[in-house]
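Student: The structure is given below, and queries will be raised subsequently.
Every number in this text was worked out from the coordinates using simple rules, so none of it is lab data. Because the structure is a prediction, the values reported are computed rather than measured. Methodologically, a virtual Cβ is constructed for each residue, glycine included, from the backbone with ideal geometry; neighbour enumeration extends over all protein chains shown.
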Amino acid sequence: MDLDYLIRKMEKYADEKGIPIMEKDGINFLSEFVKLNKIKNILEIGSAIGYSAINMALASNDVNITTIERDKDRYIEAVKNIKSAKLDHRITLVLADALDFNTDEKFDLIFIDAAKSQYLKFFNKFSNNLKPKGYVVTDNIKFHGLAFSDKSKLSRNLRQLLTKLENYVNFLNNNKDFKTRFFDIGDGIAISRRRKDKDEENIS
C-alpha cells in the first residue's frame, strides 16, 4: 500500500472514530527530531492505531520501535496498519497496560503519548530504561490549550486531569536530574534529557 495513502487513511479513521493522534505539525517535528538526533531505538507509551510509530519508523531505515497499547481494538487496528506499511519487522506491538510492562532494554528515546493522568508515573517508571544521553518526549502538554487556563467552567473530571497535567509540567520544570525544553508545536511537546554532572546537556 502507498504510504502516503495509508497515513491519510489513518488520519481520516482517527478523526471519524475520535481517536487522538498527534497533530500534523507535531508528528513532523517528532519525525525530524528522530532523524536529526540519529535515534535508533524507541519505546512508545500509547500506540493508539500506530500513527506515530509508523511516522517515526519512516524517519530512518534503522529505527526500531517497541510500542505499548492497552486498548485491544486500537491494538488490532495498529497491527493492521503496521503490516500494511510493511514495518512489522521494525515495530513491535505490545498489548498491555504500560504500568504493568517491564523491560531491561535501554532506549534512545521514550515517547509518552498515553493517559495524561499517568504521565508522571510513566516518566518515573520508564526513565530507568533511558540511555544516558537519551530523550523523553511527551506529547499533549497543552491539552487543547486548556492547561493552565481557567478551569471554573470545566467538569470535575476534566479539572482533575488538567491539575495532574499541570503537576507533571511543574515536575519537569523543577526536576534536578532532567532538563526539559517545551515546544509550542502541535498540542505542546516536552523534550527532557538528563543533566550533565557539571553542565546541562543541550537539547537539539
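Student: Considering only residues that are touching a residue at least 24 places away in the same chain (Cβ under 8 Å), assigned to a helix (DSSP H, G or I) and surrounded by fewer than 19 Cβ atoms within 10 Å (Cβ to Cβ), which ones fall in segment 119-143?
Tutor: Across segment 119-143, the qualifying residues are 120, 125, 127, 129.
Student: Here's another thing I want to ask about it. Out of the residues in segment 93-111 meeting the condition of being farther than 17 Å from residue 49 by Cβ and crowded, with 20+ Cβ neighbours inside 10 Å, tell me which one is nearest to the chain's Cα centre (by Cα).
Tutor: 110
Student: Right, something else. Please go through segment 8-27 and pick out each residue that is surrounded by 18 or more Cβ atoms within 10 Å (Cβ to Cβ) and either of a type in the set (Lys, Arg) or in contact with a helix residue (DSSP H, G or I) (Cβ under 7 Å, 6 or more places away or on another chain) (or both).
Tutor: 10, 14, 21, 22, 27 - these are the residues of segment 8-27 that are surrounded by 18 or more Cβ atoms within 10 Å (Cβ to Cβ) and either of a type in the set (Lys, Arg) or in contact with a helix residue (DSSP H, G or I) (Cβ under 7 Å, 6 or more places away or on another chain) (or both).
Student: Continuing with this model, one more query. Would segment 83-92 turn up any residue that is assigned to a helix (DSSP H, G or I) and over 18 Å from the mean Cα position of the chain (by Cα)?
Tutor: Checked segment 83-92: at least one residue is assigned to a helix (DSSP H, G or I) and over 18 Å from the mean Cα position of the chain (by Cα).
Student: Tell me, please, whether a residue that is in a helix (DSSP H, G or I), of a type outside the set (A, V, I, L, M), surrounded by 20 or more Cβ atoms within 10 Å (Cβ to Cβ) and touching a residue at least 12 places away in the same chain (Cβ under 8 Å) can be found in segment 63-76.
Tutor: yes
Student: Further question: Please count how many residues of segment 28-54 are in contact with a Ser or Thr (Cβ under 6 Å, 6 or more places away or on another chain), in a helix (DSSP H, G or I) and surrounded by 21 or more Cβ atoms within 10 Å (Cβ to Cβ).
Tutor: Total satisfying the criteria: 1.
Student: Continuing with this model, one more query. Just for segment 66-82: of the residues that are aliphatic (A, V, I, L, M) and within 13 Å of residue 54 (Cα to Cα), which one is nearest to the chain's Cα centre (by Cα)?
Tutor: 78
Student: Pairs under 7 Å by beta carbon, first residue acidic (Asp, Glu) in segment 166-192, partner exposed (fewer than 15 other Cβ atoms within 10 Å of the Cβ), six or more apart or different chains?
Tutor: Correct list of pairs: 166/148; 177/195; 187/144.
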